[in-house]
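Visitor: The following block contains the structure, expressed as structure tokens.
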Amino acid sequence: MKTLLRLLFCLVLSAPLLTSAEELKVGDPAPLFTLKNQDGVDFSLSDRKAKGWTVLYFYPKSGTPGCTKEACAFRDAINKIKALDAEVYGISSDSVADQKAFHTEHKLGFDLLADSEMRVIQEYEAKIPLLGMAKRWTFIIDPELKIRSIEKDVDPAMEAARIADELLGFQHADKK
């Protein structure tokens, strides 16, 4: 048992070394993907090109306290975010059915995307090592599908307001 625990501990410590050599960074093209939303309809990031800003927020699990707090904060701020020419998409490893239940229960005004195979979560490097869940990370992607912001220290209750402020800042800077 001790040997197994030591092996597991070593794997957790070395997990960052097992990821890709090139970490996503601001200015990189956003990795393109297609996932099903809560209604089973395909969403392709490539379809967002030249259609405004895109906010991708990754979260661990629908229905948990922190994830509910974050989703409801985005719900409450969605009109402000949409007024800034942006759309919000939540991504977790939950199934389409779980996303639908969470979406309906909290009356969310934005799509939740199901990544049960964790392909997109891994591509955006938002996978919790050794667990089948996403980290709580947020990406802001500009209309040309370039990553403009990566937030890895997310406060679930405050993230939506922070995103709205950051979008406003980007748009003011782009007009100069």
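The values are calculated or read from the model by the stated rules, or taken from the named source; none is laboratory data. Just so we're clear, the structure is a prediction, and the values are computed from it rather than from any experiment. So basically every Cβ, Gly included, is an ideal-geometry build from the backbone, and we count neighbours across all protein chains shown.
Visitor: Cβ-Cβ distance below 7 Å, separation of 6 or more or different chains: which pairs start in segment 159-171 with a residue that is within 10 Å of Trp53 (Cβ to Cβ) and end on one that is crowded, with 22+ Cβ neighbours inside 10 Å and of a type in the set (Gly, Ala, Ser)?
Guide: Every condition considered, the pairs that remain are Leu167/Ala86.
Visitor: Filter segment 85-109 for residues that are surrounded by fewer than 22 Cβ atoms within 10 Å (Cβ to Cβ), more than 15 Å from Ser62 (Cα to Cα) and touching a strand residue (DSSP E or B) at 6+ places or on another chain (Cβ under 7 Å) and give the result.
Guide: Residues satisfying the conditions are Asp85, Glu87.
Visitor: I would also like to ask the following. Only residues that are within 18 Å of Lys82 (Cβ to Cβ), in contact with an Asp or Glu (Cβ under 7 Å, 6 or more places away or on another chain) and not hydrophobic (A, V, I, L, M, F, W, C): list them for segment 97-147, please.
Guide: Hit for segment 97-147 is Thr138, nothing else.
Visitor: Could you tell me whether any residue of segment 105-126 is touching a residue at least 60 places away in the same chain (Cβ under 8 Å), in contact with a Lys or Arg (Cβ under 8 Å, 6 or more places away or on another chain) and β-branched (Val, Ile, Thr)?
Guide: Looking for residues that are touching a residue at least 60 places away in the same chain (Cβ under 8 Å), in contact with a Lys or Arg (Cβ under 8 Å, 6 or more places away or on another chain) and β-branched (Val, Ile, Thr), one finds at least one in segment 105-126, hence yes.
Visitor: Would you mind finding the one in Ile140, Ile163, Ile150 that is surrounded by 14 or more Cβ atoms within 10 Å (Cβ to Cβ), among the β-branched types (Val, Ile, Thr) and over 16 Å from Ala77 (Cβ atoms)? If you could, list the steps in order and put the result at the bottom.
Guide: Details: Ile140 fails: over 16 Å from Ala77 (Cβ atoms); Ile163 fails: over 16 Å from Ala77 (Cβ atoms).
Going through Ile140, Ile163, Ile150 in turn, just one is surrounded by 14 or more Cβ atoms within 10 Å (Cβ to Cβ), among the β-branched types (Val, Ile, Thr) and over 16 Å from Ala77 (Cβ atoms): Ile150.
Visitor: Follow-up question, since we're still on this one. Out of segment 145-176, which residues are at pLDDT below 95 and of a type in the set (Val, Ile, Thr)?
Guide: Within segment 145-176, Val154 is the sole residue that qualifies.
Here's the yes/no breakdown for (1) of a type in the set (D, E, K, R); (2) in a loop (DSSP other than H, G, I, E, B):
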site: Leu130; (1), (2): no, yes
site: Glu144; (1), (2): yes, yes
site: Arg162; (1), (2): yes, no
site: Glu166; (1), (2): yes, no
site: Gly169; (1), (2): no, no
site: Asp174; (1), (2): yes, no
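Visitor: Continuing with this model, one more query. Does Asp153 fit the bill of being over 22 Å from Leu108 (Cα atoms), free of Cβ contacts under 8 Å to residues at least 40 places away in the same chain, in a loop (DSSP other than H, G, I, E, B) and not polar (S, T, N, Q)? Even if it seems obvious, please write down each step before you answer.
Guide: Values: over 22 Å from Leu108 (Cα atoms): yes; free of Cβ contacts under 8 Å to residues at least 40 places away in the same chain: yes; in a loop (DSSP other than H, G, I, E, B): yes; not polar (S, T, N, Q): yes.
In short, yes.
Visitor: Regarding Lys36, is this residue modelled with pLDDT of 95 or more, at negative phi and crowded, with 17+ Cβ neighbours inside 10 Å?
Guide: On the way: modelled with pLDDT of 95 or more: yes; at negative phi: yes; crowded, with 17+ Cβ neighbours inside 10 Å: yes.
For Lys36, the condition - modelled with pLDDT of 95 or more, at negative phi and crowded, with 17+ Cβ neighbours inside 10 Å - is met.
Visitor: Answer with yes or no whether Leu145 is surrounded by 19 or more Cβ atoms within 10 Å (Cβ to Cβ), of a type in the set (A, V, I, L, M, F, W, C), touching a residue at least 40 places away in the same chain (Cβ under 8 Å) and within 20 Å of Asp28 (Cα to Cα). Before you say what the answer is, go through the steps one by one.
Guide: On the way: surrounded by 19 or more Cβ atoms within 10 Å (Cβ to Cβ): no; of a type in the set (A, V, I, L, M, F, W, C): yes; touching a residue at least 40 places away in the same chain (Cβ under 8 Å): yes; within 20 Å of Asp28 (Cα to Cα): yes.
For Leu145, the condition - surrounded by 19 or more Cβ atoms within 10 Å (Cβ to Cβ), of a type in the set (A, V, I, L, M, F, W, C), touching a residue at least 40 places away in the same chain (Cβ under 8 Å) and within 20 Å of Asp28 (Cα to Cα) - is not met.
Visitor: Determine whether segment 99-122 contains at least one residue that is aromatic (Phe, Trp, Tyr), at pLDDT 95 or above and within 17 Å of Lys69 (Cα to Cα). Before you say what the answer is, go through the steps one by one.
Guide: Step one: of segment 99-122, the residues aromatic (Phe, Trp, Tyr) are 102, 110.
Applying the additional criterion that residues be at pLDDT 95 or above yields 102, 110.
If we keep only those that are within 17 Å of Lys69 (Cα to Cα) as well, we get 102, 110.
For segment 99-122, residues aromatic (Phe, Trp, Tyr), at pLDDT 95 or above and within 17 Å of Lys69 (Cα to Cα): present.
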